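What follows is one structure encoded as structure tokens, with my remarks underneath.
The values are calculated or read from the model by the stated rules, or taken from the named source; none is laboratory data. This one's a predicted model, so the numbers in the text were calculated from it and none came from an experiment. Note that we place each Cβ from the backbone using ideal geometry, even for glycine, and neighbour counts take in every protein chain shown. Areas reflect the complete protein model, heavy atoms only, side chains present, ligands, DNA and RNA absent. Shrake-Rupley method; radii C 1.70, N 1.55, O 1.52, S 1.80 Å.
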Amino acid sequence: MTSSSDQPNPMTFSSAPSLSGSIRVPGDKSISHRSLMLSALAVGESRVKGLLEGEDVLATAAAMRAMGAQISRDDDGIWHIRGVGVGGLLQPQSALDMGNSGTSTRLLMGLVASHAITATFVGDASLSKRPMARVTEPLSRTGASFTSSPGDRLPLTMRGICPAVPLDYRLPVASAQVKSAILLAGLNTPGMTRVVEPIPTRDHSERMLKGFGADLNVEVETDGTRIITLMGEAELRPQSIAVPGDPSSAAFPMVAALLVPGSKVTIANVGLNATRAGLIDLLREMGGDILIENPREVGGEPVGDLVITASPLVAVEPDPARAPSMIDEYPVAFIAAAFAEGRSIFRGLQELRVKESDRIATMAAGLRAIGVDVEELEDGIVIEGSGGALLPGGGPISTKLDHRIAMSFAVAGLVSKNGVTIDDMRPVATSFPGFTGLLQSLGAIP
């Protein structure tokens with residue numbers, strides 16, 4: 001955590017009568033990170049509106065400043081980034097503090113890999129437990145070298161190389177971060193970088209690289225495999241970017257509105273990229289009343305307004321292949337399953353074990369603590385729903401410094417008999433500053 005306070009901030013969320021109103025959620029975290037990075041590599045000034053101003057994205061901004069980009073923010077919330085050009089990153093004079101942000105860390109390693117600079121990455125206690133081998137292994141093939149803490153963890157020092165060796169890499173796991181790191185390394189690498197993606201993941205990097213002028217091509221084979229090619233030594237053009245609302249953040253008020261009886265909530269300007277829309281599909285399959293109004297495209301990304309009406313939910317057993325399209329939303333999907341009718345079975349979620357916390361184990365322990373019947377599996381979880389009856393509640397829930405765990409159990413508190421106490425709400429600032437106030441504006445009672 002990079003919070004200004006070193007003291008935990010426990011909070012109890014209690015049963016809400018109903019939720020109503022129209023809200024906006026913070027800007028998309030994935031797009032915000034990439035906006036800053038690619039703007040910092042363009043020649044000229046880019047403007048970004050709607051940037052997520054959470055701690056993770058601010059860590060990316062600080063790192064790009066440390067490597068030469070000029071970044072400022074107007075009072076009206078418009079960010080200005082004057083880039084150094086591809087190949088122009090400067091040697092940072094001190095360690096790059098990534099706070100809690102795994103995305104910042106892995107993507108920036110890709111950028112640094114093809115520059116002749118050395119960078120040391122440090123992070124908070126949670127990030128320092130997360131393995132980096134899935135990125136350091138392919139990037140080592142470019143000629144970059146790494147000195148890491150035991151287990152390929154932070155603190156980690158890397159030495160980039162220029163010219164780097166272009167990669168032809170087949171992703172062994174579905175990971176947008178690994179794909180993006182390799183493509184970012186390819187920007188300053190002579191020749192063609194090629195990534196084969198057997199299971200599609202979020203495609204913000206591909207969309208944004210094209211928007212900035214990179215020579216990038218995507219081919220889709222008959223079995224769904226995506227082949228992405230990027231010609232190196234790119235020249236990126238500055239852009240004006242409008243960041244849509246983050247669907248991963250919208251997930252929490254969306255599930256809350258479905259669960260709390262009598263609720264009707266509109267969430268405006270939410271990104272609806274198909275590679276991120278898995279939770280909406282899942283909740284609709286469970287019986288959730290979710291309408292998309294005013295669908296449109298903003299900056300190459302599909303956007304719409306979500307209208308959510310409280311609905312009785314039924315259990316679900318989703319296809320594991322869906323995991324990449326909602327990997328960050330599973331914790332709050334587990335809360336929906338806990339309130340549904342029947343037994344839900346979630347499989348194919350090994351990736352959750354190496355997030356900000358082991359999200360399978362942490363969610364299973366928390367659900368048990370508030371009275372839910374749970375079975376933890378090696379690659380997932382089985383949840384016996386309450387059939388719409390209020391959950392007993394309890395706590396304090398151990399969040400393991402994981403923002404999505406904290407927000408998921410805050411939602412659970414809104415449909416509990418005795419409230420749910422969260423041990424520490426500080427981690428929420430990494431992705432959703434103002435989360436508690438937003439729930440209060442809808443009628444929630446923290």
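Observations on the structure shown:
- Answer residue from segment 150-170, given it is in a strand (DSSP E or B) and closer than 18 Å to Ser104 by Cα and is most open to solvent (accessible area, probe 1.4 Å) among those: Arg159
- The set of residues in segment 26-50 being outside any helix (DSSP H, G or I) and either within 23 Å of Phe121 (Cα to Cα) or in contact with a Pro (Cβ under 9 Å, 6 or more places away or on another chain) (or both) consists of Pro26, Gly27, Asp28, Ala42, Val43, Gly44, Glu45, Ser46, Arg47, Gly50.
- Checklist (1) at pLDDT below 95; (2) closer than 23 Å to Gly213 by Cβ applied to Lys29, failing item: (2)
- Residues of segment 86-116 classified as among the aliphatic types (A, V, I, L, M), more than 24 Å from Phe212 (Cα to Cα) and surrounded by fewer than 20 Cβ atoms within 10 Å (Cβ to Cβ), total: 1
- Restricting attention to segment 324-334, the residues that are open to solvent by 10 Å² or more (accessible area, probe 1.4 Å) and small (Gly, Ala, Ser) add up to 1.
- The residue that is surrounded by the fewest Cβ atoms within 10 Å (Cβ to Cβ), among those in segment 53-85 that are within 21 Å of Ala429 (Cβ to Cβ) and of a type in the set (Lys, Arg), is Arg73.
- Those residues of segment 311-323 which are open to solvent by less than 40 Å² (accessible area, probe 1.4 Å), at pLDDT 95 or above and either among the aliphatic types (A, V, I, L, M) or not in a loop (DSSP other than H, G, I, E, B) (or both), in sequence order: Leu313, Ala315, Val316
- Residue count for segment 138-157, restricted to those that are within 20 Å of Ser175 (Cα to Cα) and of a type outside the set (Lys, Arg): 7
- For beta carbons closer than 9 Å, sequence separation of 6+ or different chains, a first residue in segment 216-245 that is aromatic (Phe, Trp, Tyr) and a second that is in a loop (DSSP other than H, G, I, E, B) and modelled with pLDDT of 95 or more, there are no qualifying pairs.
- Cross-chain or 6+ apart pairs with Cβ under 6 Å, segment 319-337 first and closer than 19 Å to Thr399 by Cβ, then open to solvent by 30 Å² or more (accessible area, probe 1.4 Å): Ile327/Glu351
- Asn100 being part of a loop (DSSP other than H, G, I, E, B) and under 22 Å from the mean Cα position of the chain (by Cα): yes
- When residues of segment 210-242 are limited to those that are among the hydroxyl-bearing types (Ser, Thr, Tyr) and not in a strand (DSSP E or B), the one most open to solvent (accessible area, probe 1.4 Å): Thr222
Residue-by-condition table, conditions (1) at positive phi; (2) open to solvent by less than 10 Å² (accessible area, probe 1.4 Å); (3) aliphatic (A, V, I, L, M):
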position: Pro8; (1), (2), (3): no, no, no
position: Phe13; (1), (2), (3): no, yes, no
position: Ser22; (1), (2), (3): no, no, no
position: Leu36; (1), (2), (3): no, yes, yes
position: Gly44; (1), (2), (3): yes, no, no
position: Leu51; (1), (2), (3): no, no, yes
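- Residue match in segment 132-143 (condition: closer than 22 Å to Asp402 by Cα, of a type outside the set (S, T, N, Q), assigned to a loop (DSSP other than H, G, I, E, B) and at pLDDT below 95): no
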